[in-house]
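The values are calculated or read from the model by the stated rules, or taken from the named source; none is laboratory data. Please read all numbers here as calculations on a predicted model, not as lab measurements. All Cβ positions, even for glycine, are placed from backbone atoms using ideal geometry, and neighbour counts span all protein chains on display. Protein only, heavy atoms only, side chains kept; ligands, DNA and RNA dropped before computing areas. Shrake-Rupley method; radii C 1.70, N 1.55, O 1.52, S 1.80 Å.
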Amino acid sequence: MDDKLAGQAAKLASQAQELASNLRGVAQQITDQAALNVAGLPDGHMPFVALLTIFALACFVGYYVVWRVTPALHSPLMAVTNAVSSVIIVGALLAAGLKGLGAAQLFGAIAVALAAVNIFGGFIVTHRMLSMFKKKQPVKK
Amino acid sequence: MTQDLAAYGYLIAAIFFIMSLRGLSSPETARGGNLFGIVGMVIAIGVTVLTPGVVSPWLIVAGLLVGGSVGTVVALRIQMTALPQLVAAFHSLVGLAAVFVAAAAFVSPDAFGLGAPGKIKTASLIEMGLGTAIGAVTFTGSIVAFAKLQGLVSGAPLIFRGQHLLNALLGVALVALLVWFAMRGHPAAFILLIVLSLLLGFLLILPIGGADMPVVVSMLNSYSGWAAAGIGFTLSNTALIVTGALVGASGAILSYIMCKGMNRSIFNVILGGFGTDAAGAAAAAGKNDRPVKAGSAEDAAFLMQNAGSVIIVPGYGMAVAQAQHALREMSDLLKKSGVTVRYAIHPVAGRMPGHMNVLLAEANVPYDEVFELDDINRDFASTDVAFVIGANDVTNPAAKTDPQSAIYGMPILEVDRAQTVLFVKRGMSSGYAGVENELFFRDNTMMLFADAKAMCDAIVKALSGSSH
């Protein structure tokens, strides 16, 4: 009698365990599904419309900021925008920093070098230009 | 560093880049602006290197070392007159880098979170394709611009029959390829896309004449920005998108300003061929024997020393003759004898936007003596002497009076309103636009026939001779 009861209890317990694990599986599926519905994207990626929003707003920021640049500094502006647009190096770094040595790593390394020329060259030449712009010295009599 | 944290880092970098451009609104804050740019770049690179995906630093270190040292050496050695070439060359590198990044993303998309190789999503393929195409066009276009500015190829527009038709067909083919690539993601489509874009870049810039290069360089500046933004979409990287948009807008605005300075539409410039037919016609018509008044360095020195105010109008010819230092010496002597000296700069005076300002700054001309067209044009009427050196078309009154003229409608510096106009020129040839300058024949104009530098040196000699 006791044995029978103990057996039933054990069976029940195992069933409960099974149910719990099933539930956990379902819950996991639901969270996965929810995550996919929200983003539908892998880690770190944003929905296209969010990126487009950032892009559109940045265009406006650029428009207003650049119109405020004094015409005398248009050459430095060009040099510095050139340096800054080499932030494309972040994509190159991701590829060059991969494990192993394949096409992606090679392309990445080349792009890192190209962008680095621009970054160093662009900022240095901008600095050289800007350090030449001096105000009028008080007239020496 | 997690992806979330990295995203914050990119946001900060983007803000620094905006601050960097903001700093250029005045020469006082400009150096700080450059520093902001450097800090933003360090943050962007640092954040990326610390993400878990980057495991092997060797290629990165090698790339940074090689590229960094080349960039540093070039930037330190370059002459300021060669600035436009340098910037064009730099643009080409951004374009090429964009192509390589896209290629890396295409061969191992898993590293960029774009899915398995061969199974990249359509949206990512479109962004990737666009970034690649714009990058490749920027690359070859900038190389042509560089070659023209450097004098490696003739600055003359290269025109052949059916050119625009060919470019249009190439453009259509490019769009078709882009669609094919986006639908299938086939490697062949990717390679074809690159090849076709490279070709188009060459063909687009070839027909554009050397003196239109300010517009071209600005335009390519804009392209390099759009290419970066395109790659930013692929990588879902906000720093790249924001920066790309900033640079794209900046280049576009500069192109607009340059076009306005020449009173030409951007399409007119892009379609090219300017300065060929007109120049030929004018060369034939320019042979007339109207009298001009020629003067010597001593005459010029005398006139300017006894003037109350002098406005100097430098043009690219001044830079070619390397006369800026002699010119500054001349104005120093004039200032010493109590003459007010200012410089008037036309938007298209140099070979890139703001080029002339840099050249004058290099010769130690204080920036508060240098004025833009709109700020100084009214003052010519109350000025005793306008000293035009190496400029021609930008002073030609025909731009205001003669609707038949090739330069009609172009904003000019109204030197003809000054009491006396001194024109330093080697001969009577017409300017780039091939239009004869009516000013040469006016009563209040004195031509100083000489090389710009030789004339400045001679005037300096005459000035210091008379004051001792």
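Brief remarks on what is shown
- Measuring against 23 Å, Cα to Cα, the residue pairs B:Lys260/B:Lys453; A:Lys136/B:Lys425; A:Lys136/B:Lys336; B:Lys260/B:Lys425 contain B:Lys260/B:Lys453; A:Lys136/B:Lys425; B:Lys260/B:Lys425 as the ones spanning a longer distance.
- Charge dipole (debye, nearest 20) of chain B; +1 at Cβ of Lys and Arg, -1 at Cβ of Asp and Glu: 840 debye
- Mean projection of the Cα convex hull over all viewing directions, computed for the protein assembly as shown: 34.1 nm².
- Solvent-accessible area of A:Cys59 with every protein chain in place, 1.4 Å probe, in Å² to the nearest 10: 30 Å²
- Applying D = kT/(6 pi eta Rh) to region B:382-458, where Rh is the Kirkwood radius over alpha-carbon pairs, T corresponds to 37 °C and eta to 0.692 mPa s, the Stokes-Einstein value obtained is 258 µm²/s.
- Computed from the Kirkwood radius of its Cα pairs, the Stokes-Einstein diffusion coefficient for region B:108-180 at 4 °C and 1.567 mPa s stands at 86 µm²/s.
- Residue-wise HN-Hα coupling along region B:417-429, computed from phi with Karplus coefficients 6.51, -1.76, 1.60 (Hz; x: Gly, Pro): 7, 5, 4, 10, 10, 9, 10, 8, 7, 6, x, 9, 4
- The amide H of B:Ser309, built 1.01 Å from its N in the peptide plane, has B:Thr340, B:Asp384, B:Val385 as neighbours under 5 Å, considering only residues 5 or more places off or on other chains.
- In the A-B interface, the accessible area buried, summed over both sides, Å² (probe 1.4 Å): 8400 Å²
- Carbon/sulfur fraction of accessible area - the protein assembly as shown, other protein chains in place, 1.4 Å, %: 65 percent
- Compared with the rule-of-thumb size 2.2 N^0.38 Å for a compact globular protein, region A:41-85 has a Cα radius of gyration ratio of 1.58.
- Computed on region B:1-52, with alpha-carbon pairs under 8 angstrom and 6+ residues apart, the relative contact order is 49 percent.
- Over chain B - Rg/Rh using Cα atoms and the Kirkwood inverse-distance radius: 1.04
- Nitroxide proxy distance, nm - points 7 Å out along Cα→Cβ at B:Trp58 and A:Leu52: 4.4 nm
- Surface per residue (accessible, 1.4 Å probe) for region A:82-141, Å²: 38 Å²
- Computed from backbone phi, the HN-Hα couplings of region B:215-231 come to 5, 5, 4, 5, 5, 5, 4, 4, 4, 4, x, 5, 4, 4, 5, x, 5 Hz, rounded to whole numbers (Karplus: 6.51 cos²θ - 1.76 cosθ + 1.60, θ = phi - 60°; Gly and Pro given as x).
- The trypsin sites (Lys or Arg not before Pro) of region B:131-205 that meet both conditions, a loop assignment by DSSP and at most 16 other Cβ atoms within 10 Å of the site Cβ, are B:Arg161.
- Chain B, accessible area per residue, ligands and nucleic acids excluded (1.4 Å, Å²): 39 Å²
- Whole-Å semi-axes of the ellipsoid equivalent to region B:1-139 (Cα gyration tensor, √5λ, descending): 29, 20, 16
- Our coupling estimate for region B:44-60, obtained by passing each phi through the Karplus curve with A = 6.51, B = -1.76, C = 1.60 and θ = phi - 60°, is 4, 5, x, 4, 5, 5, 8, 6, x, x, 8, 10, 10, x, 5, 5, 5 Hz, Gly and Pro reported as x.
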